[in-house]
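Colleague: Have a look at this one.
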Amino acid sequence: MTLAVVVERIHAERARRHLLRLGLLDKGRRIIVKGNVVEIPVVEAPASMPVPFTLAEQASPQYASPPLSFDQLKRELCRRIGEKAQLLRGGWELIGDVLIINLPEELYPLRHEIGEFLLSFHPRARSVVARRGISEELRYPEAEVIAGESNTTTLHKEHGCVFKLDPCRVMFSAGNMEERKRMAQLPARDEVVLDMFAGVGQLSIPLAKHTSPRKVLAIEKRPETYEFLKENIKLNRLDSIMQAKLGDCLEVAPTDFANRVLMGYFFSPQRFLPKALEALKGGEGVIHYHTLVAKEALDKEGEALVERIAELGYKAKIAQRRIIKSYAPKRWHAVYDVVVG
Ligand SMILES: C[S@@+](CC[C@H](N)C(=O)[O-])C[C@H]1O[C@@H](n2cnc3c(N)ncnc32)[C@H](O)[C@@H]1O
């Protein structure tokens, strides 16, 4: 994507500083002056600007360093370490300034060479991390720094929110980005919201920041992740409406409390469904139910979910369902928006 904020020349410096402060300035492309207007490259659209502006795709972007794509990098890497580099799959994720790649076992002996190469090539990376998997229950990544700084705690900016986290110690998935964005657009004004599996606040922070809820309670079981969650509430200046709670949601989630419940955890979510239903204020509200499902079973899974809820004594219908990402061959991470009551 080659998105740019376009402003009149007299506003350019103020606009540039504003975008830099928000972390939205794309340093990989050059600022271009065209007569009386200036194109300032951005990594994503700003929610607002202190000066009049328009957004545009740049017709002829100019790169500060060579344009990057995963395939280009792979070709370059093949020249250095040989055709083995073709085994690299799945692209990369840039979380803050930490570049993450999935490294197959066969390339493991070459990991430091690969890491140094990626570090030298990517203009925004400070560390390169090889990821080999994520533990199921507490989503603890198995990851190793293969180049750059060993301290991988970073600030990741997205949709006008900032997340402090260490991608070597907590889960933060690039594949869930659209869902995080969707949370910022929900009609949750004046609602009380419960996040049963908060992580570092991936879903509830954008919701709290952009939808004007009355109150948000975010529960996280793992102490290390909870510490980041608490910090992120502060960093996003949400202390007055958002609270974090450490514990197992099965034990600490309140009952008769929320208008909306986020269940952003897809391992055996049915185990947590009774608790989510009990948490709804007056037995009514919306549950965002995440699960793993085969694509062809998407509708059936929705029907089964409504039946399960009926067995628990509630009336429900599916307002929407979305595929978030592919999880494994023929397994999809999906979310159902369930209206209860
Ligand atoms: C996969 S992360 C998801 C974060 C966020 N909800 C999202 O969808 O991007 C799930 C989080 O739930 C936490 N978790 C797992 N079981 C839990 C439980 N029983 N109660 C509270 N948190 C739990 C894990 O520690 C992890 O941080």
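The values are calculated or read from the model by the stated rules, or taken from the named source; none is laboratory data. Just so we're clear, the structure is a prediction, and the values are computed from it rather than from any experiment. Methodologically, a virtual Cβ is constructed for each residue, glycine included, from the backbone with ideal geometry; neighbour enumeration extends over all protein chains shown. Accessible surface areas use protein heavy atoms only, side chains included; no ligands, DNA or RNA. Shrake-Rupley method; radii C 1.70, N 1.55, O 1.52, S 1.80 Å.
Colleague: How about segment 169-204: which of its residues are more than 10 Å from the ligand (Cβ to nearest atom) and in contact (Cβ under 8 Å) with a residue 40 or more places away in the chain?
Modeller: ARG169, ALA174, GLU178, ARG182, LEU186, ALA188, GLU191, VAL192, VAL193, LEU194
Colleague: Right, next: Filter segment 247-297 down to the residues that are within 13 Å of the ligand (Cβ to nearest atom) and of a type in the set (Phe, Trp, Tyr) and list them by number.
Modeller: TYR265, PHE266, PHE267, PHE272, TYR289
Colleague: Okay, moving on. Can you say whether THR211 is out of contact with any strand residue (DSSP E or B) (no Cβ under 7 Å at 6 or more places or on another chain) and open to solvent by less than 60 Å² (accessible area, probe 1.4 Å), as far as the supplied structure shows?
Modeller: yes
Colleague: List the number of the failed condition for VAL51; all other conditions in (1) out of contact with any Ser or Thr (no Cβ under 7 Å at 6 or more places or on another chain); (2) modelled with pLDDT under 90; (3) under 19 Å from LEU3 (Cα atoms) hold.
Modeller: Of the numbered conditions (1) out of contact with any Ser or Thr (no Cβ under 7 Å at 6 or more places or on another chain); (2) modelled with pLDDT under 90; (3) under 19 Å from LEU3 (Cα atoms), the odd one out for VAL51 is (2).
Colleague: Let me ask something else. Wholly within segment 1-71, which strands (runs of 3 or more DSSP E) include no fewer than the required count, namely at least 1 residues that are of a type in the set (D, E, K, R) and within 25 Å of the chain's Cα centre (by Cα)?
Modeller: Filter on segment 1-71 gives 54-57.
Colleague: Using the structure shown, decide if VAL216 is under 26 Å from LYS325 (Cβ atoms) and open to solvent by 10 Å² or more (accessible area, probe 1.4 Å).
Modeller: no
Colleague: Also, quick follow-up: Output the residue which, of all residues in segment 24-48 that are open to solvent by less than 20 Å² (accessible area, probe 1.4 Å) and among the hydrophobic types (A, V, I, L, M, F, W, C), is nearest to VAL7 (Cα to Cα).
Modeller: VAL38
Colleague: Test of understanding: among LEU312, LEU235, which residue is at pLDDT 95 or above and within 22 Å of the chain's Cα centre (by Cα)?
Modeller: Step by step, each of LEU312, LEU235 is checked, and only LEU235 is at pLDDT 95 or above and within 22 Å of the chain's Cα centre (by Cα).
Colleague: Filter segment 155-182 for residues that are part of a strand (DSSP E or B), open to solvent by less than 30 Å² (accessible area, probe 1.4 Å) and of a type outside the set (A, V, I, L, M, F, W, C) and give the result.
Modeller: Passing the criteria: HIS156, GLU158.
Colleague: To continue, here is another question. Going through LEU292, LEU250, LEU262 one at a time, which residue ends up being touching a strand residue (DSSP E or B) at 6+ places or on another chain (Cβ under 6 Å) and surrounded by fewer than 16 Cβ atoms within 10 Å (Cβ to Cβ)?
Modeller: LEU292
Colleague: Here is a check on your reading of the model: is ALA143 outside the structural domain of LYS234 (by TED's automatic domain parsing), within 16 Å of the ligand (Cβ to nearest atom) and of a type in the set (Gly, Ala, Ser)?
Modeller: Yes; evaluated as a whole, the condition is true for this residue.
Colleague: Return a yes/no flag: does segment 267-276 have any residue that is buried (at least 18 other Cβ atoms within 10 Å of the Cβ), assigned by TED's automatic domain parsing to the domain that holds LEU186, in contact (Cβ under 8 Å) with a residue 60 or more places away in the chain and farther than 22 Å from GLN185 by Cβ.
Modeller: Looking through segment 267-276, at least one residue is buried (at least 18 other Cβ atoms within 10 Å of the Cβ), assigned by TED's automatic domain parsing to the domain that holds LEU186, in contact (Cβ under 8 Å) with a residue 60 or more places away in the chain and farther than 22 Å from GLN185 by Cβ.
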